[in-house]
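This report refers to the structure that appears directly beneath it.
The values are calculated or read from the model by the stated rules, or taken from the named source; none is laboratory data. Every value quoted in this text rests on a predicted model; they were computed, and no experiment measured them. Cβ placement follows ideal geometry from the backbone for every residue including glycine, while neighbour counts extend to all protein chains displayed. These area figures cover heavy atoms from the full protein model, side chains too; ligands, DNA and RNA do not enter into them. Shrake-Rupley method; radii C 1.70, N 1.55, O 1.52, S 1.80 Å.
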Amino acid sequence: MKALLLCVLALAFISILKADETGYVNKISVKQGDTLQFHVSTKIDPFQIRIFKYNDVDSLVTTISTIPGGERAYPDSSFYYGCNWPVSYSIVIPDNWLPGVYYAEFPTSVGSKDVVFMISPRVRGSYSKILYLSSANTWEAYNPIGGKSLYTFNSSNGVASYKV
């Protein structure tokens, strides 16, 4: 009976903590001069992050090498409270990185993954009079990390969260 109880507790703990090879940034939109933090879970160790600017032809902006890898666990409630993974790498956005949409690509054992972020100028309106509106909230609404999203079809037990 004691062994069965320990087994049940171990399975419950494993279901609470899951590992996934993915990543996220601390801010989806940063200004030139701001610090952007990457939180990455990957079995590749060490790994590199390659940052591209979306253009007609995506252009490589920089490559950051020899970042310590490791899988990160996330609790089932991370859909609500966040993953709270440690920072894998921080970068101060240089002033010569033009405003626009960027993505950071990193390797995993199942192929490369990427995270998207936007850069705006230090002074609003100094680069362009055009405002770019991103559907980041839509991305997060469908994001099932932690077992829930705002939709039942990709939420655990078919029960959506009211907050992500």
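Is it fair to say Tyr103 is within 15 Å of Asn26 (Cβ to Cβ), of a type in the set (Phe, Trp, Tyr) and at pLDDT 95 or above? No, not satisfied. Is it the case that some residue within region 130-137 is among the polar types (S, T, N, Q) and assigned to a helix (DSSP H, G or I)? Yes, because at least one residue in region 130-137 is among the polar types (S, T, N, Q) and assigned to a helix (DSSP H, G or I). Residues in region 117-139 that are among the small types (Gly, Ala, Ser), closer than 22 Å to Glu105 by Cα and surrounded by fewer than 11 Cβ atoms within 10 Å (Cβ to Cβ): Ser135 alone. Checked against the criteria, Tyr162 does not count as assigned to a strand (DSSP E or B), of a type in the set (Ser, Thr, Tyr) and either open to solvent by 30 Å² or more (accessible area, probe 1.4 Å) or in contact (Cβ under 8 Å) with a residue 40 or more places away in the chain (or both).
Considered as a group, the residues in region 74-115 that are at positive phi and part of a loop (DSSP other than H, G, I, E, B) include one that is most open to solvent (accessible area, probe 1.4 Å), and that residue is Asn84. Evaluate region 127-141: report whether one residue or more is of a type in the set (Asp, Glu) and under 14 Å from Gly23 (Cβ atoms). No, because not a single residue in region 127-141 is of a type in the set (Asp, Glu) and under 14 Å from Gly23 (Cβ atoms). Please specify each residue of region 33-73 satisfying the condition of being open to solvent by 80 Å² or more (accessible area, probe 1.4 Å), modelled with pLDDT of 95 or more and out of contact with any Asp or Glu (no Cβ under 9 Å at 6 or more places or on another chain). The answer is Asp45, Leu60, Thr66.
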